[in-house]
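The values are calculated or read from the model by the stated rules, or taken from the named source; none is laboratory data. Bear in mind the structure is a predicted one, so any value in this text is a computation, not a measurement. Glycine gets a Cβ as well: all are built from the backbone with ideal geometry, and neighbour counts include every protein chain shown.
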Amino acid sequence: MQAKYIKKIIYHLIVGCFAILLLYPVIWLIMSSFKQSEKIFATAESLIPQPFILSNYAQGWAGFGDYGFDTYILNTFIFVILVLIGHLISCSLIAFGFARLKFAGRSFWFAIMILTLMLPYEVVMIPQYIIFAQLDWLNSLKPLVVPAYFGHPFFIFLLVQFIRTIPRELDEAAIIDGCNTFGIYRRIILPLIVPALATTSIFTFYWTWDNLLGPVLYLNSPSKYTVSMALNMFLSNETVSNWGAMFAMSVVSLIPVFIIFFIFQRYVVDGISTSGLKG
Amino acid sequence: MKKSLLVLLGMMMVLWLAACSGDDSSEDTGGDTDDTSEETNNDSDSEASGDQVTLRIAWWGSQPRHDYTMEVIELYEEQNPNVTIEPEYASWDDYWQKLSPQAAANELPDIIQMDLSYISQYAENGQLADLEQFLGSEIDDSNIAENTIEGGRINDGLYGFNLGSNALSFHYNPEILAEIGIDEIPETYSWDEYQEMAQQAADAGYYFDNGMQADVFFNYYLRQNGARLYAEDGSGLGYDDDQLFVDFFTIIQEQVEAEATPTPDFLAQLAGPEDDPVVLGDGVGIFQWSNQFVGLEDMSEHTFAFATPPGENLEDGLFLKPSMYFSISENSEQKEAAAAFIDFWVNDVEANKLILGDRGVPVSSVVQEEIADDVSEAQQAVFDYVAWAEDNSTPMGAPDPAGAGEIIEQLTNLSEQISYGEITPEEAAEYFRTQAESILGN
Amino acid sequence: MQTHMKQNLWGYLFIGPFIIGFLAFTIIPIIASFYFSFTSYDLFNAPRWIGFENFKKMFTSDPRYLHSLKITFIYVFAGVPLRLLFALVVAMLLNTASRAVGLYRTLYYLPSLIGGSVAVAIMWRQIFGDDGIVNLALMTMGIDPVRWFGNPTAALWMLIFLSVWQFGSSMLIFLAGLKSIPQSYYEAASVDGASFFQKFFNITIPMLSPVILFNAVMQTIAAFMTFVPAYIISKGTGGPLDGTLLYSLYLFKQGFEFFHMGYASAMAWVMLVIIGILTSLIFFSSKYWVHYESEGGR
C-alpha cells in the first residue's frame, strides 16, 4: 500500500516537473503579455511583469482600422467549424472505403492520395489560385472551406490506419444481422473510431485556426480577416512592433484551441472503453 | 513532349472553364450591379449612377498605418461620394505573399503600395500602368521636385508614384559620443577618420555601429567612387574594378576585428531591434535610412542625433531613395480614378495631417510646410535631414533591376561569410561577380 | 461478376468525394507544376520550355541547393526518430486513468498549440539567447554557452529541438492508438507473469504498429516539408550562413523571392521523388513489422 503511494508521488513529481520544463516558454509568453511592450526584451530573463499591466489586451483587442479582434475571432470560428464538419464527414467515409472495401483501383487511388501530400503547397499554389480566380471564389471562404468536403489525405490515412485495427468479425456479424455496407460504416465502424475522430477534430481545429497562408491568399477584405493574419499585423518591418499587443492576442487566440483540446482529449482516450469493445 | 503536355494542360483548362465559369461570372455581375444600385440609392445625390467607382487599394504596414490610412480613405470617400474604396492591408511578409498570385491571376488591386526592391519585377513584366499620362492631369505635380518623381521611372515609363524620400544617415547617441572623447561628428569625414573614431569607441568599450547593410552601403561606397552596384540598364554589375569590392569589405572586416562592430553571431542572437546595442545604450550609433530614426527614438530611452555616413565624396554617395510608391495595376479598369486618389494622397493637406510623414517625408513642398507644426520632434529632425540631403546628393539612378532580390541575398551571404572569416574579400569579389552577372544576364 | 460490380460501386461511392475533389482542385495544379519544372517561369510571363535545365542546375551549379538538401536530411533523420520516441514515451506515461492525467495531457500538448505563430520565434530567441535559460543551464553544468543563432550547426540543432518540443500531435495519435489496445491482452499477460518489457514488446508494439507506421510516414513527409519554423526562426533568411536553409525554405525563396517558379517546381518534384522513395521503403518494410488486427495478424 505504502509502496503504491510512493510510486504515485514519484510519477506526479516526474510528470509534473517535466511539464513545467516543457511549459516554461509558454509561461514566458503569458507573463510577457502583461509587460510593457518596450520592457519585454529588456526584462526577458524575468518572468514577473514589472509593472503588471493589462493595456496590451485592450490595445490588441481594439484591432486595426474598423475591425476589432472580436471580428477576427468570429471569422476564424466560422472558418474552423465549416472545415471541421467537412473533414469529419468526408474523411471518415473515404477512409472506410479505403480500409474496408475491396474494389478495383484501390491501391492506385490510395497511392495518389499519399502522393498529393508530398508536393509542397508552394508550387501548386499559383495554378490553384488561378482556378479559384476563374471560379470567382476569391475574397471568400470558399477556396478554403469547399476542398475540406472532399477529404484531407492526412486524416483519411489516419482513419484508415485506425479502421484497420478493428477486427473484421464485427463486420461479418453485422452483415448477418442484415446491415448493408453503409450500415457497417454507420453502426460498427463510426462508433469505434471515435478516438481517431476526436484526434481529427483536434488537429483540424488547431491547424485551421493557425492557418496563415490560406487566408492571406484568399481573403482580401479586412472584415474577413482571421486571427493568424491579425497577429502578424502587430509586427512592423519598418518601425516599432507592438510586441505587447501581439503577445496578448496570441494568448487570447490560444484559449479556444486550449479549450477544444481539453474537451476532445477525453474522447481520444475514453472513446473505446465506452463503446464496450471486447478484443 | 512539350507540345503534348501543353495540349493536355490546355484541354483541361478549357474543360474547366467551360464547366464552371459561364454561370459563375453571370452570377458575379449580378452581384455587382446589386451593390452599385444600393450605393447609388444611399449616398449619391447628383452623381450619375454610371460614375460609381469601386477601387481596391492594398498596402503593408502595422497598426498605426492601418488606422490612419482608413481615416484618409474615409475623408476621400466623403469628398468623392461616387467612389468606394476597398482597403486590403497586411503585414510585409503576407503582403508580398498575396501579391504574386494576384499578379499571376490578373487580380491585382487597382492601387498597390510598392517597394523599391520589387518595383522592377512587377513593372518590367507589364503588371503596372505607366503613370506618365496622368501627370499634370489627374495628378498635380507642380509642387513636386522632378528628381523625386523620377524615382519611380523604370526604363521609359513611370511605374510608381514616389510617396516620400529617405536618405542614408548615421543616428548616434551624443552622450556616448562624448564619453568616448569625440565632441562632434563632422559633416564629412573620410573612411579612415571613420575607422579612427570607431577604434576610439572600441577602446572605451562601446560599439561604434552595427555594421552596414551590405547591398545598401556597398552601393553607396561604389557611388562615391564613380560607379554603382547595378549597371544603369540592369544588364549587369555597375562597377568594373573588383578592388572596390575588396576595399569596402576589408573595412567591414577590420571593423569587426577591432570590435568596433559586433560580430555577426552576436547580431544573429538579437531577438529584435529592441535588443540592439544602440537601443540599449551600448553603442554609439547605427547606419540606416533616415525614416528609421523615429522608430529608434521610440524604442530607446536615449535620444539621438543625425550625422552623415562616412566618405569624403559625400554628395556623390548620397541619394534620395523613394521610401515607397503607389502604383496602379495594368489590369485596373479605373486607372483615372486611381490616379485621382494618388493625387489626393500626395497633395491634400488635410489628408497629410493624418499621414504625418509615416510613408516618408512628403514629396509636395506645400504639404511639407503645412504640416510642419503637426509632426513630432523626431519626425521634424527627419524632415530637416532629408531637406538637407536634397541639396547635397546626386540622383539615385534606375531602381534595382529584376533579379536584385537574389543578388542582394548573395551579397548579404558573402558579407556574412567574410565577417565569419570563412572567405576572403578577394574570393568573395570574384564569386560575387560571376554569380551576379549570371543572374542579371538571363 | 455481379458482386464484383457491386463491390466496385460501393468502393467508389465511399471514396468518390476524394476523387471528385482531386479532379476538381488538385490534379490541374499538380500537372501544371510538373510542366513548370521544365520551364523558366517567373509568375508574370508565360512559362518558357527549357527541358532539363532546372534539374541540371540543381545538381551541377547550385551549391546552396545541395547544402539545403544536406541539412534537410540531417533535420529529418535526427528530428523524426527523436520526436517519435519522445512522443511515445510521453504517451505511455500519460496512458493511465488518473484524474490529473487529463490536465497533464493538455499541458504537454500546449507547446504544439503555439506552433506557427511569430510569438514562438521571439520566445525561442529569448530562451536560446545569450543569457537565455538554455545557456544558463549549460553554464551551471560547466559547459561554455553557445551562440545558437550565430552558429550554423547549433542553429540547425535548435530547429530540431523545436520540432521535438512540439511532439504533441504524434503523442496524441499514439495515445489514441494505445487506448484502442484491449486491456484484456495485458491482463492475460500479467496472469502469465510477463514483465513490463515483455508486455511492451509483445503486446504494445505489435498492436500499436499501424499507428507507428502512420506516424513514421507522416512525420517524415512533414519533416521534409518543414517551412514555418525555419522561416520564423531565421527571420526568413535561412541563416546564419544558410544553417537553417531547409529545402522548403529554399524552394520558397526561389519561387517567391527570386521569382524562379520553374526552378522551385523542379525542386518540388525532386523532393517528391525523394520522399516517395523513403515512404515506399517504409511501406514495404511495414509488411514485416506492422500487424493489422483486421487482417488476422501478419
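A Cβ distance below 9 Å, combined with a sequence gap of six or more or placement on separate chains, defines the contacts here; from the stretch B:419-440, residues that are closer than 24 Å to residue B:232 by Cβ and of a type in the set (Ser, Thr, Tyr) reach residues that are modelled with pLDDT under 90 and not in a helix (DSSP H, G or I) in the pairs B:438/C:61.
Checking each residue in the stretch C:96-147 for being over 19 Å from residue C:171 (Cβ atoms), assigned to a helix (DSSP H, G or I) and within 14 Å of chain B (Cβ to nearest Cβ) picks out C:118, C:119, C:121, C:122, C:123, C:124, C:125, C:126, C:127, C:133, C:134, C:135. Taking the options A:147, A:143, A:167, name whichever one is assigned to a loop (DSSP other than H, G, I, E, B) and either farther than 29 Å from residue C:209 by Cα or of a type outside the set (A, V, I, L, M, F, W, C) (or both). That would be A:167, the only listed residue that is assigned to a loop (DSSP other than H, G, I, E, B) and either farther than 29 Å from residue C:209 by Cα or of a type outside the set (A, V, I, L, M, F, W, C) (or both).
Of all residue pairs spaced 6 or more apart or on separate chains, those with beta-carbon atoms under 7 Å, a first member in the stretch A:127-147 that is more than 24 Å from residue C:264 (Cβ to Cβ) and more than 7 Å from every other protein chain (Cβ to nearest Cβ) and a second member that is among the small types (Gly, Ala, Ser) and surrounded by fewer than 20 Cβ atoms within 10 Å (Cβ to Cβ) are A:139/A:221. Check whether at least one residue in the stretch C:235-249 is within 19 Å of residue C:120 (Cα to Cα), of a type outside the set (Gly, Ala, Ser), surrounded by fewer than 22 Cβ atoms within 10 Å (Cβ to Cβ) and facing another protein chain (nearest Cβ under 10 Å), and report yes or no. Yes, the stretch C:235-249 has at least one match. Scanning the stretch B:164-205 for residues that are touching a strand residue (DSSP E or B) at 6+ places or on another chain (Cβ under 6 Å) and either of a type in the set (Asp, Glu) or surrounded by 22 or more Cβ atoms within 10 Å (Cβ to Cβ) (or both) turns up B:164, B:165, B:166, B:169, B:171, B:172. Scanning the stretch A:40-57 for residues that are of a type in the set (Phe, Trp, Tyr) and in contact with a helix residue (DSSP H, G or I) (Cβ under 8 Å, 6 or more places away or on another chain) yields A:41, A:57.
For the stretch B:106-129, a residue qualifies if it is farther than 18 Å from residue B:235 by Cα, more than 10 Å from chain C (Cβ to nearest Cβ) and touching a Leu at 6+ places or on another chain (Cβ under 9 Å), and the qualifying residues are B:107, B:108, B:109, B:110, B:111, B:112, B:113, B:114, B:128. Within the stretch B:73-87, the set of residues being in contact with a Ser or Thr (Cβ under 7 Å, 6 or more places away or on another chain) and either among the aliphatic types (A, V, I, L, M) or assigned to a loop (DSSP other than H, G, I, E, B) (or both) comprises B:81, B:82. Is it the case that the stretch B:90-98 has a residue that's in contact (Cβ under 8 Å) with a residue 24 or more places away in the chain, surrounded by 23 or more Cβ atoms within 10 Å (Cβ to Cβ), facing another protein chain (nearest Cβ under 7 Å) and part of a loop (DSSP other than H, G, I, E, B)? Checking the stretch B:90-98: at least one residue is in contact (Cβ under 8 Å) with a residue 24 or more places away in the chain, surrounded by 23 or more Cβ atoms within 10 Å (Cβ to Cβ), facing another protein chain (nearest Cβ under 7 Å) and part of a loop (DSSP other than H, G, I, E, B).
Hydrophobic (A, V, I, L, M, F, W, C) and either at the interface with chain C (Cβ under 9 Å from one of its Cβ atoms) or closer than 27 Å to residue C:253 by Cα (or both), is that true of residue A:175?
On the way: hydrophobic (A, V, I, L, M, F, W, C): yes; either at the interface with chain C (Cβ under 9 Å from one of its Cβ atoms) or closer than 27 Å to residue C:253 by Cα (or both): no.
When the stated conditions are applied, residue A:175 does not pass them.
Could you tell me whether any residue of the stretch C:221-230 is in contact with a strand residue (DSSP E or B) (Cβ under 7 Å, 6 or more places away or on another chain) and either of a type in the set (A, V, I, L, M) or at the interface with another protein chain (Cβ under 8 Å from one of its Cβ atoms) (or both)? No; the residues of the stretch C:221-230 include none that is in contact with a strand residue (DSSP E or B) (Cβ under 7 Å, 6 or more places away or on another chain) and either of a type in the set (A, V, I, L, M) or at the interface with another protein chain (Cβ under 8 Å from one of its Cβ atoms) (or both).
Yes or no, residue by residue, for (1) in contact with a Phe, Trp or Tyr (Cβ under 6 Å, 6 or more places away or on another chain); (2) under 30 Å from residue A:73 (Cα atoms); (3) more than 9 Å from chain C (Cβ to nearest Cβ):
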site	(1), (2), (3)
A:163	no, no, no
A:181	yes, no, no
A:199	no, yes, no
A:231	no, yes, no
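The combined condition, being in a loop (DSSP other than H, G, I, E, B) and either within 21 Å of residue A:156 (Cα to Cα) or modelled with pLDDT of 90 or more (or both), is not fulfilled by residue C:172.
With the condition being within 23 Å of residue B:351 (Cα to Cα), I'd like the helices (runs of 4 or more DSSP H) fully within the stretch B:103-192 carrying at least 3 qualifying residues. Step through it out loud before you land on a result.
Working: elements: B:116-124, B:146-150, B:174-179.
Ranges flagged: B:146-150.
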